[in-house]
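Here's the structure we're looking at; comments come further down.
The values are calculated or read from the model by the stated rules, or taken from the named source; none is laboratory data. The structure displayed is predicted, hence computed values, not measured ones. All Cβ positions, glycine included, derive from the backbone under ideal geometry; neighbour counts span all protein chains shown. Calculation scope for accessible area: heavy atoms of the full protein, side chains included, ligands and nucleic acids excluded. Shrake-Rupley method; radii C 1.70, N 1.55, O 1.52, S 1.80 Å.
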Amino acid sequence: MKVSVRGLGFAVPFLAALGLATSANAAFVQGPAGEAFYTPPSPLPAGGQGDLVSWRAATVNLGAGAPAVRAYNVMYRSTDAKGASKLVTGTVMVPTTGFSGARPVVSYAPGTAGLGPQCAPSKQLAAGGWYEKTNVVAALKKGWAVATTDYAGYTKGTRPTYLDGSSEGRNVLDIVKAASQVPGSGLVANTKVGVWGYSQGGQAAGFAGELKSTYAPAVNLVGVAAGGVPGDFQRTARNLDGKPGAAFLLAGVLGLYEQYPELIPFDLVVNDAGRAASDAARGMCVFKALNEYGGTNINDFTNGDVDLEAIMSIASVKEALDKQKLGTRTVPVPVYQYHGQADEFIPLDQAHDLKKAWCARGVKVKFDLYKSEHIVTQTQAGTYATNWLDTRFKNQAIQSNCNTAPTPPSTAVSNAQNDLLFGLDKWILSGNIYLDRMSSRLTLPAGSTFSGLANITTGSLSSPANGIFVPDFNGTVNLGIQVGVRVGVQQAAAWTGTSTLDDNGVVRLAGTVPAIVRIKTLKLGVITLGANCRTKFPVQIPLLLRGERRGHRRGPAHVEPDGLDPGVRGLRRLRPAAERAGLGPEQPVHVHADAAAAGRVLSGLRPQVPLRPSLGAAAAG
């Protein structure tokens, strides 16, 4: 859905009289259309920390099913880690539906967008390609306003201070005040605020929580949801160097150099290849950079082959890196922290250590572990993070698990080539089997799973011979009368397929699973008869998966005609069809088997189409 709001044309003094401008010193202008909005107005209006500088009506493309919103681009005042004044851009979205009482605000801290000016989340929201929009939509559906910062570095003539947590946290807090000053937003400065972010956004959310009391005491913060948090830069850097996520490390070096040029001896260390890579990376968005620089080592870009450990041992560099460590201060509100157990980019152990550090300082932390890797977990956790924030806005009791369990083991997968791998370990399989001749539908039971390995680097997808598991289950079929049956579904052989991750962060997996379907018993009233009917040849079941959970699309799929034993004519064709289901921290992704007859199959039916459900919109960085 594309939504927009036209400029209301009210005079600022009139709005101030209505109490909609919340700072006595705030003065702001309506910004221009197009790219010119990202050039600061001259002269700058007067104002202080968090005050609105300029605003304009915006169009945001949130996809099908998104609620109608009034949307605004904003430019506002913030500060960096050294206290220097900075101008920051972002987007404010307010549902058009009413809300009882003061409407809460979620300050959404974006994950890595990329260093190029075209990568700013505000621009990606307008284009419809932002990989985190599903989380934004989930918050908007609750009736909350969402304010999402671009972070500093996307106004004309500036560069992002990527992964400088202190700057990011300030940007996340300050947009709340700016949002309340937007003419017509209906937001108030003292409303309840929740901060939410994942990956880079999880770092920013954590810093916002730690800085709140001293930097923005007026913000009515009630909870922080932070996932995939790189709370320890040095440990995270070691996990990125030479690995699939090396692009994050390159961008992190450039971001910290932008903030701390006096501490990072960039020009002394970097060689010609490093300068070329740096110049190129500054123009790329995240997934292009991932594909371009995955597997590179820092010493590929340094004079004298100086490696990561040597660079991090430089006293001034260590000073800059130590500033990025979370857990050294308390967070005055409860925290929902979550992480993927198979996270290949951000180490699980350092995230769990952050939980323990916050808990030791008296922070009430709820820590959830998801089974998947970094990119997938971002979307899987969306429902749970949203529901947790809902409890905070409603002032309901929350659970903490500060006193539970040692650090869980990581299940991240890797190979000698340092390919980007997604381990699919017992992901939930849900769907239906349709028996055309019997006009019957059988629903796959709870506990149905599939396992496999997606190699994004090589574009392959593979599964062992036992990758699909479906427990025997009971159902009912139509044989003129309703008859109870006991059904078994068994994978017949190993299967392969394809996997891709495009420059917009969309994961696509496709494979074909050979399966035998059996009807083991028939039940007529109180009488149970052994049937032992099965398909003579494996049924070819396509699995088609697309990585935007709420942005599913449809396309053709085909089940090959299957040979059947005599006496099983009622099972002439099988048609699994996808049905969406909920998510959960332990088995969070529902993968839907969906296949249907194409027109050339002798049924006379029109071709059917599969639902392409989520593997999780990519949220790297």
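So ASP503 fits all but one of (1) in a loop (DSSP other than H, G, I, E, B); (2) touching a strand residue (DSSP E or B) at 6+ places or on another chain (Cβ under 6 Å); what number is the exception?
Only one criterion in (1) in a loop (DSSP other than H, G, I, E, B); (2) touching a strand residue (DSSP E or B) at 6+ places or on another chain (Cβ under 6 Å) is unmet by ASP503, namely (2).
Based on this model, can you work out whether VAL195 counts as within 27 Å of SER85 (Cβ to Cβ) and touching a residue at least 40 places away in the same chain (Cβ under 8 Å)? Give the derivation first.
Numbers: within 27 Å of SER85 (Cβ to Cβ): yes; touching a residue at least 40 places away in the same chain (Cβ under 8 Å): yes.
Judged against the criteria, VAL195 is a match.
When you look at ASP241, is it among the acidic types (Asp, Glu) and under 19 Å from ASP343 (Cβ atoms), yes or no? Outline the logic, then answer.
Values: among the acidic types (Asp, Glu): yes; under 19 Å from ASP343 (Cβ atoms): yes.
Answer is yes for this residue.
Determine, yes or no, whether ARG441 is among the charged types (D, E, K, R) and either more than 29 Å from ALA225 (Cα to Cα) or assigned to a loop (DSSP other than H, G, I, E, B) (or both). If you could, list the steps in order and put the result at the bottom.
Working: among the charged types (D, E, K, R): yes; either more than 29 Å from ALA225 (Cα to Cα) or assigned to a loop (DSSP other than H, G, I, E, B) (or both): yes.
For ARG441, the condition - among the charged types (D, E, K, R) and either more than 29 Å from ALA225 (Cα to Cα) or assigned to a loop (DSSP other than H, G, I, E, B) (or both) - is met.
Check whether at least one residue in the range 370-382 is in contact with a helix residue (DSSP H, G or I) (Cβ under 7 Å, 6 or more places away or on another chain), charged (D, E, K, R) and open to solvent by 20 Å² or more (accessible area, probe 1.4 Å), and report yes or no. Quick ask: steps written out before the conclusion?
Of all residues in the range 370-382, those in contact with a helix residue (DSSP H, G or I) (Cβ under 7 Å, 6 or more places away or on another chain) come to 370, 372, 379, 382.
Still in the list and also charged (D, E, K, R): none.
No, the range 370-382 contains no residue that is in contact with a helix residue (DSSP H, G or I) (Cβ under 7 Å, 6 or more places away or on another chain), charged (D, E, K, R) and open to solvent by 20 Å² or more (accessible area, probe 1.4 Å).
I'd like to verify a number: residues in the range 455-466 that are surrounded by fewer than 21 Cβ atoms within 10 Å (Cβ to Cβ) and either touching a Phe, Trp or Tyr at 6+ places or on another chain (Cβ under 7 Å) or assigned to a strand (DSSP E or B) (or both), how many?
Kept after step one, since they are surrounded by fewer than 21 Cβ atoms within 10 Å (Cβ to Cβ), are these residues of the range 455-466: 455, 457-460, 462, 464-466.
With either touching a Phe, Trp or Tyr at 6+ places or on another chain (Cβ under 7 Å) or assigned to a strand (DSSP E or B) (or both) added as a condition, the list becomes 455, 460, 462.
So the answer is 3.
What do you reckon, is ASP343 charged (D, E, K, R) and outside any loop (DSSP other than H, G, I, E, B)? Break it down stepwise before answering.
Details: charged (D, E, K, R): yes; outside any loop (DSSP other than H, G, I, E, B): no.
In short, no.
Say we look at the range 229-272 and pick out the residues that are acidic (Asp, Glu) and assigned to a loop (DSSP other than H, G, I, E, B); which of these is surrounded by the fewest Cβ atoms within 10 Å (Cβ to Cβ)?
First, the residues of the range 229-272 that are acidic (Asp, Glu): 232, 241, 258, 262, 267, 272.
Filter again for assigned to a loop (DSSP other than H, G, I, E, B), leaving 232, 241, 262.
Numbers: ASP232: 23, ASP241: 21, GLU262: 10.
Per the stated criteria, the residue is GLU262.
When you scan the range 87-105, do you find a residue that is within 25 Å of ALA36 (Cα to Cα), without any contact (Cβ under 8 Å) to a residue 40 or more places away in the chain and hydroxyl-bearing (Ser, Thr, Tyr), even just one? Let's see the steps before the verdict.
First, the residues of the range 87-105 that are within 25 Å of ALA36 (Cα to Cα): 87-94.
Add one more test, that the residue is without any contact (Cβ under 8 Å) to a residue 40 or more places away in the chain, and what stays is none.
Looking for residues that are within 25 Å of ALA36 (Cα to Cα), without any contact (Cβ under 8 Å) to a residue 40 or more places away in the chain and hydroxyl-bearing (Ser, Thr, Tyr), one finds none in the range 87-105, hence no.
From the list VAL106, VAL94, exactly one residue is surrounded by 16 or more Cβ atoms within 10 Å (Cβ to Cβ), under 16 Å from PRO121 (Cβ atoms) and either aliphatic (A, V, I, L, M) or modelled with pLDDT under 95 (or both). Which is it?
Working: VAL94 fails: under 16 Å from PRO121 (Cβ atoms).
Sole residue among the options that is surrounded by 16 or more Cβ atoms within 10 Å (Cβ to Cβ), under 16 Å from PRO121 (Cβ atoms) and either aliphatic (A, V, I, L, M) or modelled with pLDDT under 95 (or both): VAL106.
If VAL517 passes every condition in (1) at pLDDT below 80; (2) closer than 18 Å to SER430 by Cα but one, which one does it miss?
Going through (1) at pLDDT below 80; (2) closer than 18 Å to SER430 by Cα one by one, VAL517 breaks only (1).
So which of ASP51, ASP80 ends up being modelled with pLDDT of 95 or more, farther than 22 Å from GLY206 by Cα and not small (Gly, Ala, Ser)? Give the steps one after another, and end with the answer.
Values: ASP80 fails: farther than 22 Å from GLY206 by Cα.
The conditions single out ASP51.
Here is a list of conditions, (1) part of a strand (DSSP E or B); (2) open to solvent by 20 Å² or more (accessible area, probe 1.4 Å); (3) at pLDDT 85 or above, and GLY488 meets all of them except one; can you say which number that is?
(2)
How about the range 435-449: which of its residues are at pLDDT 80 or above, open to solvent by 50 Å² or more (accessible area, probe 1.4 Å) and either under 21 Å from VAL506 (Cα atoms) or over 28 Å from the mean Cα position of the chain (by Cα) (or both)?
ARG441, THR443
Among the numbered conditions (1) of a type outside the set (A, V, I, L, M, F, W, C); (2) in a strand (DSSP E or B); (3) open to solvent by less than 10 Å² (accessible area, probe 1.4 Å), tell me where GLY452 comes up short.
(3)
Taking the conditions exactly as written (among the aliphatic types (A, V, I, L, M), touching an Asp or Glu at 6+ places or on another chain (Cβ under 9 Å) and over 23 Å from ARG159 (Cβ atoms)), does ALA216 satisfy them or not?
Numbers: among the aliphatic types (A, V, I, L, M): yes; touching an Asp or Glu at 6+ places or on another chain (Cβ under 9 Å): yes; over 23 Å from ARG159 (Cβ atoms): yes.
Considered against the rule, which asks whether it is among the aliphatic types (A, V, I, L, M), touching an Asp or Glu at 6+ places or on another chain (Cβ under 9 Å) and over 23 Å from ARG159 (Cβ atoms), ALA216 comes out as yes.
Looking at this structure, is SER85 buried (at least 19 other Cβ atoms within 10 Å of the Cβ) and either modelled with pLDDT of 95 or more or within 17 Å of ALA120 (Cα to Cα) (or both)? Explain how you work it out, then say what you get.
Numbers: buried (at least 19 other Cβ atoms within 10 Å of the Cβ): no; either modelled with pLDDT of 95 or more or within 17 Å of ALA120 (Cα to Cα) (or both): yes.
When the stated conditions are applied, SER85 does not pass them.
Of the residues in the range 360-408, how many are among the basic types (Lys, Arg) and either part of a helix (DSSP H, G or I) or in contact with a Ser or Thr (Cβ under 7 Å, 6 or more places away or on another chain) (or both)?
Count: 4.
When residues of the range 115-152 are filtered for being open to solvent by 10 Å² or more (accessible area, probe 1.4 Å) and over 22 Å from TRP388 (Cβ atoms), how many remain?
11
Where the second residue is assigned to a strand (DSSP E or B) and open to solvent by less than 80 Å² (accessible area, probe 1.4 Å) and the first is closer than 13 Å to LEU479 by Cβ and free of Cβ contacts under 8 Å to residues at least 24 places away in the same chain and lies in the range 509-531, which pairs have Cβ atoms under 6 Å and are six or more apart or on separate chains?
LEU529/LEU522
Just give me the residues in the range 273-294 being closer than 17 Å to LEU420 by Cβ and either open to solvent by less than 30 Å² (accessible area, probe 1.4 Å) or in a helix (DSSP H, G or I) (or both), in sequence order. Before you say what the answer is, go through the steps one by one.
Taking the range 273-294 first, the residues closer than 17 Å to LEU420 by Cβ are 284-294.
Of everything in the range 273-294, those that are closer than 17 Å to LEU420 by Cβ and either open to solvent by less than 30 Å² (accessible area, probe 1.4 Å) or in a helix (DSSP H, G or I) (or both) turn out to be MET284, VAL286, PHE287, LYS288, ALA289, LEU290, ASN291, GLU292, TYR293.
Tell me, please, whether a residue that is farther than 25 Å from ALA68 by Cβ, open to solvent by 10 Å² or more (accessible area, probe 1.4 Å) and of a type in the set (Phe, Trp, Tyr) can be found in the range 201-216.
yes
Taking the range 410-434, which residues are under 15 Å from LEU348 (Cβ atoms) and open to solvent by 90 Å² or more (accessible area, probe 1.4 Å)?
The first filter runs over the range 410-434 and keeps only residues under 15 Å from LEU348 (Cβ atoms), leaving 410-414, 423, 425.
Correct list: SER414 only.
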